Amino acid sequence: MKKEQLSTINESTLSMSRLNKILNILLDEITQMEDFERDQPLSWSMKHMFSCSQISKLIAASRGLDIEIAGITGAIHDLFLIRTGIFEDHAPKGGPLVKDFLNKFNQTFGKELGYLSEKEIEIIYQATILHTDKTNYTKDEIVELTKDADALDRVLHGIDIPKHYIPRYKAALKDLKLL
Ligand SMILES: [Fe+2]
């Protein structure tokens, strides 16, 4: 799904069935967890999952990237942190969890809602394992988008960010024509 499809939402709704199912699955998981001894509270994980996903879609639209894939990445990039409550190394450790989650999604819901391709799963995997490296830049636009959206979402929730996050959220604001 690309930018130009946003302009036709009066005639046809956005195709977000895969993302919406993934959000429901993650929400089910989160609501069954107990919120103790976590590096970040579950309430943050839940808020961030939804808002980072939505922000990722807007940035994707502004950059002409796939809106649903960006939204899925925004929703799932912190999967290790969501499931364990452990912040340290949550990006690299989240990669295999994300791949496993998306392959199971394909097996269970692919036929009904549409399969995520191997290439899409690989992109989401890369964005997950690299998203905490806000300093370096890759050639993959979804990877970079996820870093930018992650930073902007923190800013919008009023959370302090380290200095090296600043170019990230500003890049997003610029593309959204807010800067
Ligand atoms: Fe995040």
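Can you name every residue in the range 1-45 that is modelled with pLDDT under 85 and small (G, A, S)?
Matches in the range 1-45: S7, S12.
For the range 30-45, which positions are touching a helix residue (DSSP H, G or I) at 6+ places or on another chain (Cβ under 7 Å) and within 16 Å of the ligand (Cβ to nearest atom)?
I30, Q40, L42, S45, listed by residue number.
Just a yes or no: is a residue in the range 46-55 within 11 Å of the ligand (Cβ to nearest atom), farther than 25 Å from L14 by Cα and either at pLDDT 95 or above or aromatic (F, W, Y) (or both)?
Scanning the range 46-55 turns up no residue that is within 11 Å of the ligand (Cβ to nearest atom), farther than 25 Å from L14 by Cα and either at pLDDT 95 or above or aromatic (F, W, Y) (or both).
Restricting the range 133-158 to residues that are of a type in the set (A, V, I, L, M, F, W, C) and away from the ligand (no atom under 11 Å from the Cβ), which is nearest to G94 (Cα to Cα)?
Looking at the filtered set, the residue picked out is V143.
When you check R83 against the structure, is it surrounded by 13 or more Cβ atoms within 10 Å (Cβ to Cβ) and within 27 Å of G64 (Cβ to Cβ), yes or no?
The answer is no for R83.
Which of (1) out of contact with any Phe, Trp or Tyr (no Cβ under 7 Å at 6 or more places or on another chain); (2) in a helix (DSSP H, G or I); (3) under 23 Å from K47 (Cβ atoms) is the odd one out, the single condition Q126 does not satisfy?
Exception for Q126: condition (3).
For residues that are under 24 Å from I161 (Cα atoms) and surrounded by fewer than 13 Cβ atoms within 10 Å (Cβ to Cβ), tally how many sit in the range 115-137.
So the answer is 3.
Any idea which of I67, I72 is away from the ligand (no atom under 14 Å from the Cβ), within 23 Å of K119 (Cβ to Cβ) and either buried (at least 18 other Cβ atoms within 10 Å of the Cβ) or under 9 Å from the mean Cα position of the chain (by Cα) (or both)?
The conditions single out I67.
Restricting attention to the range 138-177, report how many residues are of a type in the set (K, R), loosely packed, with under 15 Cβ neighbours inside 10 Å and under 15 Å from the mean Cα position of the chain (by Cα).
So the count comes out to 0.
Among all residue pairs at least 6 apart or on different chains, which show Cβ distances below 8 Å where the first residue, located in the range 30-44, is closer than 16 Å to F87 by Cβ and the second is surrounded by 10 or more Cβ atoms within 10 Å (Cβ to Cβ) and modelled with pLDDT under 90?
Sorted first by the residue in the range 30-44, then by its partner, the pairs are P41/D35; L42/D35; S43/D35.
Just the residues that are aliphatic (A, V, I, L, M) and either farther than 22 Å from L176 by Cα or in contact with a Phe, Trp or Tyr (Cβ under 7 Å, 6 or more places away or on another chain) (or both), please, taken from the range 129-156.
I129, L130, A151, L152, V155, listed by residue number.
The values are calculated or read from the model by the stated rules, or taken from the named source; none is laboratory data. It should be emphasised that the depicted structure is a prediction, and the values quoted were computed from it without experimental measurement. Neighbour counts run over all protein chains shown; Cβ positions are idealised from the backbone, glycine included.
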